[in-house]
Each structure stands twice: as C-alpha cells, then as structure tokens.
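Here the structure comes first, spelled out in structure tokens, and everything after it is commentary.
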Amino acid sequence: MDYQSYYRKSIEEPEAFWGEEAEKLQWYKFPNQILQHEGNEWNWFADGEMNTCYMAVDYHVENGRGDQVAIYYDSPVSDTKSQITFSELRDQVARFAGALKARGVEKGDTVVIYMPMVPEVLVAMLACARLGAIHSVVFGGFASHELAIRINDAKPKLLLTSSCGIEIGKVIAYQPLVDAAIEEADHKPDAVVVLHRPQAEFQMKEGRDLDWYGFQEGVEPADPVPVKATDPLYILYTSGTTGQPKGVVRQNGGHAVAMRFSMEYIYDVKPGEVFWAASDVGWVVGHSYIVYAPLLHGCSTIVYEGKPVRTPDAGGFWRVMEEYKVSAFFTAPTAFRAVKKEDPNGELLKKYDLSSVRAIYQAGERLDPPTYEWLSDLLKKPILDHWWQTETGWGIAANPAGIKQEPVKSGSATFPVPGYQLHVLDEAGNVLGPNEQGALAIKLPMPPSCLNTLWNNHERFVEAYLDTYPGYYLCGDDGYIDEDGYVFVMGRIDDVINVAGHRLSTGEMEEVVASHDAIAECAVVGINDELKGQLPVAFYIRKDGVDKEPEEIQKELIQMVRGTIGAICCFSKAMEVKRLPKTRSGKILRKTIRQISETDDVPTPATIDDPGILDEIREAYKTAKVGRFV
Ligand code: COA
Ligand code: AMP
C-alpha cells in the first residue's frame, strides 16, 4: 500500500484501521468498540482492558526476549554504564510496584517523579503503570516552584526523587529544590522516596523520606493490574500561555497502540533493534521514545545522561550510536547545532562507524534548512524531520519511512501521519488551499494517544484547544501545506517559545519579571538564536521613584527567573525602556517587539501614533549586555 491509500484508510475507516493496529498488542480484553465520537468528545478502545507495563515488559519476557537488553544506561557525566535485560526489568519493576503498593499506592492514584536521567526513573514509571497508578514526571531542570505547582495539581501520594542530577561539570543537588517545593505546595505527599547517588547527600527527614532500596526490602512483587484503555497512564505538564502549566492526560490504550504503530510507520525499526532518543524523560519525547514506544515494540532503549557536546567532546552522539549499534536516532535540531558549532567539519565523526544507523529523526522545533543540509552532507543518511507536541505524544506530520520513504523537502515535516486530518485555517475557520499560511488544526476526532482532556480541568481543555474552531483541535502552530501535500510548520501563534528544544511560556516568565518590585510593566518575548532556536528577553518600564542601576535589576531578574522556573529558560537579558508599543485597547504588541529585536525592517503598526517608540526598543536591544547568573 502506498502512503495515500494508507492515509486515506485511516481517515475513511478509522475503526478498521486502528482496530487492526490494536490487534498487534496483547490485551486482556480486546475492545469491542474501537472509537466513540460525538461532538467534542471522543475515546479510543473504551471497553478494552490492558496494562501498559505488561505489554511493554512482561509480554516480551513471555515471548522469548527475556535475555535481550531492554535498557542501556550510558552516563558520561557520572562515568557509569550498565544494562538491564527485559527479565531483569520485569523483576525490578514488579518489586518496585510491590513497594509502591505496600505504601498505599493503588490504581488511579498519582505519583510525581522528579529525577535525573537514570534507569531507575524508567523502573518507577513502569511500576506506576503496572499498578494502574498515574505518574507525572517533572523535568529535573525545573526549579522548586514549578515542582510545587505540579504537586498541587497532581496531588501525588508519593514523590520519587534522587539526591542529585548531574550537568557538565556540576552537580545539581535536589534536596533544596524538593524541600522548597514541598514547603510551598499546599498538597503534601505521604512520603518522599529518595534514590541516593554518590555525587550528593540527601539528609533524610524522619517521617517523610524513604530510601529507594530500603523501601523495597521484603515486599511482595506486584502483578500487572488490568486497567481500562481510557484510564490515564500519565499526566505530563506542558507550558501554556500562563504561569499554570497544562496537565496533558495520556490514556493507556490509545497511547500503547499509537506508540507501537509509530515505531513501524515513522521510525521503521524492528523488534530487537536499538532505538535511541537523546532527550530527557521529563519531556514528552522522553516519555514516548525513551520509555514506552521502544519497549512496547520489543526494542532496546538507551538512557543517555549527557549532552551532545562536552561529554567529553562533540563526538558523544557518534560514540553512543556506534557502541550500541543504534538503528534509528532521534534528537532536537539544537543538539546538532551545538555539535556543528564545535566540530563544523565533522572531524570527530571519522573515528566512528555509524553503519547500523539507518536514519536520523529530528523534532522539538523546526529543522532549519542549514542544519538539515549540514547533517545530510555529513552523514549521507536520511535526516527526517517530524512535527509533534506534548498534547499528541507522537508525530502529527512525518515522513512515512516505514511504508516508503518520501523525498525530503528541506523545512518540511513531510505528510500528515495516518489518523490526523490536518487542515490550515484562516481566522474565520475557512480551510485554506495549498501554500496558504494559517493556523494548523486537526479535525476531530484526534487519533489514538492524543489528549482529550486536561487533568482536573476539562473546561480549560475545551477553551484552549477546541473553542477557536468548532470541530477542530487548535495546534497552536501556524504553517502551510504545499501543492504536493508537504506540511511546513512555521512557528507558534501563542506565547510559547522553544529554547534548545524545551517548550517554555513567555507569559510565565513575564509573571516572574512583573513581580519584581522595581518593575511597573513588562513584556517577555522570544528572540531568534542561532544555537538554541529562541531565547527569552524582557523589556520593562521601571516604577517611578525606584533608585537602582539597570544592571542590578537585570541581575535580580535573572536570579528570579532561574529560581522560579529554572536555568533552562536561558534568560539573560532584561532591557529598560520608557514605553512599550501597544494596541489602542492597551494590549502590548509583543510580536512587534520581537520583530524589532530581530530586524530593522519592521512596519509601524497602525495603532502606534509615535513611531519613535519602536526606535527606543531597537536601541535598547542593540545596546543591551547579556547578564550573567552569579
Ligand atoms: N537539570 C538541571 N539543570 C539543567 C538540566 C537538568 N536536567 N538541563 C539543563 N539544565 C541547566 C544547564 O546546566 C544550564 O545551566 P547554566 O545556565 O547554569 O549553565 C541551563 O539549564 C541551560 O541548559 P541547556 O539549554 O541544556 O544549555 P547547555 O549550554 O548546557 O546545552 C545544548 C545546550 C543545545 C547542548 C542542550 O540544550 C541540548 O542538548 N539540547 C537538546 C535538547 C533536547 O534534548 N530537548 C528535548 C526535546 S527533543
Ligand atoms: P513540545 O510540546 O515540547 O513537544 O513542543 C511542541 C511544539 O514544538 C510544537 O507545537 C511546535 O511549535 C514545536 N515543534 C515540535 N516539533 C517541530 C517540528 N518538527 N517542526 C516545527 N516545530 C516543531
């Protein structure tokens, strides 16, 4: 079957299409009903019963993969390597699930996981899935306030953490972050389970903290608990336009079906092969392609605790690909931009044999044509961009490599993935034609794995995603589809920015900046950056009577943003201006501010009476100095 007929079947006969895909997994009770859909409500495989952990781990042990490596752990920052077979993983997960159960964690309970890139985090996630408990992993680079917000929303019974994360040349002690988050949160977990790493101490608090291994001693291993396909597997918080992140809810059944399908269709890998996503388990790429999809498909996965560069050099990625005979590799373009910066001629690549690698996959941000060309010339392998988001959990547009690889058009993520009825809409909701740019929207129902609610906040889900265009899910990106059906994603239409492949909210940073006592008004916008894609910068007006040097204010703001959201914001510039450009109704023209900072050629918006205001912004940006965190 070619792409067109394959895709058409998924849209015209979705039940037949996804029913056949569902049959490729081992259910306890196969669903009679494949799709329920009415208006804004839809569910996949509603009466099916299954367990994601069983499908991803036990099933493979029962079917001859017990001795195959499930997880390779490679940590240049701690100088550690290890591996876990599927049999060992089953035993570790069953024991950890038994320990969770002994502490009162049951089906439907939530568990927050705040950990670095170590294999134990996969064990913990799978153990939750085994019990039908819902995990919510919080990226280890977030500061305590972000953790507190998530604890308050998810209301976990337990918090699982570690004594530290390790970044290049520095150890990030988690204790101060965990203590501050629990102090700040209204909801208090029953206990905190701590994985002690030799690089940092964690002073155990009596009555609150439990040791990772001590808490597993003497417990009965737990069997997988059958759950409904529509029961949540996890909640993953993602940035929206405000300081309150959105709790994306992933259901067990649709997720498992889509994950397995994507390994064949998008990544073209076979069970038994090694799949590597160089991301972090705290992000959706990590959930889907470090943990669930490879394991559901019977592949070995790699947990890499390192960076593309400086671990120890810019050849780290090539080394790992060779060492573990990776078949398909997935990372964000920013990672390769970092490699390119340090090793522009790819000298380090010459040391390694990458013959096992069939293709390189890119996502998280648009694969910019210069990076595409560089990588493609260097590796002489297919470099395949694909577009997706936390909300979907997998590709919306991708090259159908598993059916037949289509020619790549630089700057495009290729075709809509089966199940996604992707349209480009104008402001009135009319469907636009080829090459016309507008809002990218998916006609309901969304395919399996995509969210159909937000945790504890269905109204926000409807309002944020479904209300703008009735019958459609609003992706939040704009773009166009060309005359050959290729999808081009051009950027966000909201206040979300992408910093080194990390999705962040400028609205949230603006709330932090605005809370500084010297600041009367401010705007935070994302400016293009050659390495990280975008970087946030703030423009602010000081309050009357404040007597402080701008450098001092900038330093304090950097500390506040790092301390509240995290260092990953890479926030390092705050510029003082006298006025901010606004609409007549008083709304700050953030898009204009962003454009002024990027180019000299910005048309003056009709709502601005005095064009001098734009010159002031331009001047402030040009003369600004990058502030440092001290
Ligand atoms: N825990 C604690 N701190 C973290 C962290 C974590 N998990 N991840 C990042 N940070 C900190 C860094 O130490 C750095 O702090 P600093 O300002 O004190 O130096 C800051 O956050 C910014 O980190 P980062 O953006 O990673 O910058 P970098 O210069 O260390 O590395 C890249 C740049 C491009 C190499 C790196 O961002 C990268 O590999 N990106 C790929 C992104 C990715 O995998 N995205 C996931 C979606 S696919
Ligand atoms: P996240 O939810 O963190 O995965 O971020 C999702 C957002 O990242 C999308 O809405 C896009 O704005 C951007 N994005 C992800 N992949 C791509 C891609 N291949 N091309 C363009 N933008 C992308």
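The values are calculated or read from the model by the stated rules, or taken from the named source; none is laboratory data. The structure presented is a predicted model; accordingly, all values stated were derived computationally and were not measured. Glycine gets a Cβ as well: all are built from the backbone with ideal geometry, and neighbour counts include every protein chain shown. Just the protein is used for accessible areas: all its heavy atoms, side chains included, with ligands, DNA and RNA removed. Shrake-Rupley method; radii C 1.70, N 1.55, O 1.52, S 1.80 Å.
The Cβ shell under 9 Å around V257 holds other residues with a net charge of +1, Lys and Arg each +1, Asp and Glu each -1.
Enclosing the Cα atoms of the chain in their convex hull gives a volume equal to 157 cubic angstrom per residue. Scaling the Cα radius of gyration of the range 453-573 by the globular reference 2.2 N^0.38 Å produces a ratio of 1.31. For the range 113-173 versus the range 513-542, the inter-centroid distance based on Cα atoms is 28 Å. Summing charges over all other residues whose Cβ lies under 10 Å from the Cβ of K29, with Lys and Arg as +1 and Asp and Glu as -1, gives -1. For the range 86-225, a Kirkwood radius taken over Cα pairs fed into Stokes-Einstein (37 °C, viscosity 0.692 mPa s) yields D = 220 µm²/s.
One decimal place: the segment K555-E217 gains 116.9 nm when fully extended, by the rule 0.36 nm per residue minus the C-alpha distance. Using the Cβ-Cβ distance between K443 and D190 with R0 = 35 Å, the FRET efficiency computed as 1/(1 + (r/R0)^6) comes to roughly 0.20. Backbone geometry of the range 210-227 corresponds, through the Karplus equation with coefficients 6.51, -1.76 and 1.60 at θ = phi - 60°, to 3J(HN,Hα) couplings of 10, 7, 3, 8, x, 6, 9, 5, x, 8, 7, x, 9, 7, x, 9, x, 10 Hz, x marking Gly and Pro. 3J(HN,Hα) along the range 542-548, derived from phi through the Karplus expression 6.51 cos²θ - 1.76 cosθ + 1.60 where θ = phi - 60°, amounts to 7, 5, 4, x, 7, 10, 8 Hz, with x in place of Gly and Pro.
Straight-line cross-link reach from K350 at under 18 Å between alpha-carbon atoms covers these aspartates and glutamates, not counting any fewer than eight positions away in the same chain: D313, E322, E323, E342, D377. Inter-part distance, the range 440-505 to the range 284-346, computed on C-alpha centroids, equals 27 Å. Heavy-atom surface analysis with a 1.4 Å probe gives the chain a carbon and sulfur content of 47 percent of its accessible area. If the chain linking N63 and D47 were pulled fully straight, counting 0.36 nm for each residue of separation and taking away their Cα-Cα distance, it would gain 3.2 nm.
Peptide packing for 443-455, 27-39, 390-402, 354-366 was compared via the average number of neighbouring C-beta atoms within 10 Å per residue; ordered from the highest value, the list is 390-402, 443-455, 354-366, 27-39. Across all directions, the average flat footprint of the convex hull enclosing the Cα atoms of the range 6-102 is 10.5 nm².
Find which of I565, A397, T583 sits farthest along the positive direction of the dipole of the chain, computed with +1 on the beta-carbon of Lys and Arg, -1 on that of Asp and Glu, about the Cα centre. Checking the options against the dipole of the chain, the answer is I565. Where Lys and Arg each count +1 and Asp and Glu each count -1, what net charge lies around S412 among other residues with Cβ under 11 Å from its Cβ? Neighbourhood net charge equals -2. Applying 1/(1 + (r/R0)^6) with R0 = 41 Å to the Cβ-Cβ distance of S410 and K24 gives a FRET efficiency near 0.75. A cut-off of 5 Å between modelled amide H atoms, ignoring neighbours fewer than 5 places along the same chain, links K582 with L589. Placing unit charges on each Cβ (+1 for Lys and Arg, -1 for Asp and Glu) gives the chain a dipole about its Cα centre, and among P550, I113, V274 the Cα reaching farthest toward its positive end belongs to V274.
Overall, the chain carries a charge dipole of about 760 debye about its Cα centre when +1 sits on the Cβ of Lys and Arg and -1 on the Cβ of Asp and Glu, all other atoms neutral. For V431 and L531, what is the calculated FRET efficiency with R₀ set at 35 Å and r taken between the beta-carbons, to the nearest 0.05? With a Förster radius of 35 Å, E is 0.40.
The residues of the chain expose, per residue, 39 Å² of accessible area to a 1.4 Å probe. The radius of gyration of the Cα set in the range 154-205, together with its Dmax, comes out at 11.6, 35 angstrom. Can you give the translational diffusion coefficient of the range 118-163 in µm²/s, computed by Stokes-Einstein from the Kirkwood radius over Cα pairs at 4 °C and 1.567 mPa s? For the chosen part, D equals 113 µm²/s. Full extension of the chain between D2 and D601 yields a length gain of 211.1 nm, computed as 0.36 nm times the residue separation minus the alpha carbon distance. Translational diffusion coefficient of the range 500-629 (Stokes-Einstein, Kirkwood radius from Cα pairs, 25 °C, 0.890 mPa s): 164 µm²/s.
Classify the range 305-413: rounded, prolate or oblate, from the alpha-carbon gyration tensor (a ≥ b ≥ c, eigenvalue square roots; a/c under 1.5 rounded; otherwise prolate if a/b is larger than b/c)? It is prolate, given that a/c is not under 1.5 and a/b is the larger ratio. In sequence order, the range 604-618 has phi-based couplings of 6, x, 4, 7, 9, 7, 10, x, x, 4, 5, 5, 4, 5, 4 Hz under the Karplus curve 6.51 cos²θ - 1.76 cosθ + 1.60, θ = phi - 60°, and Gly or Pro positions carry x.
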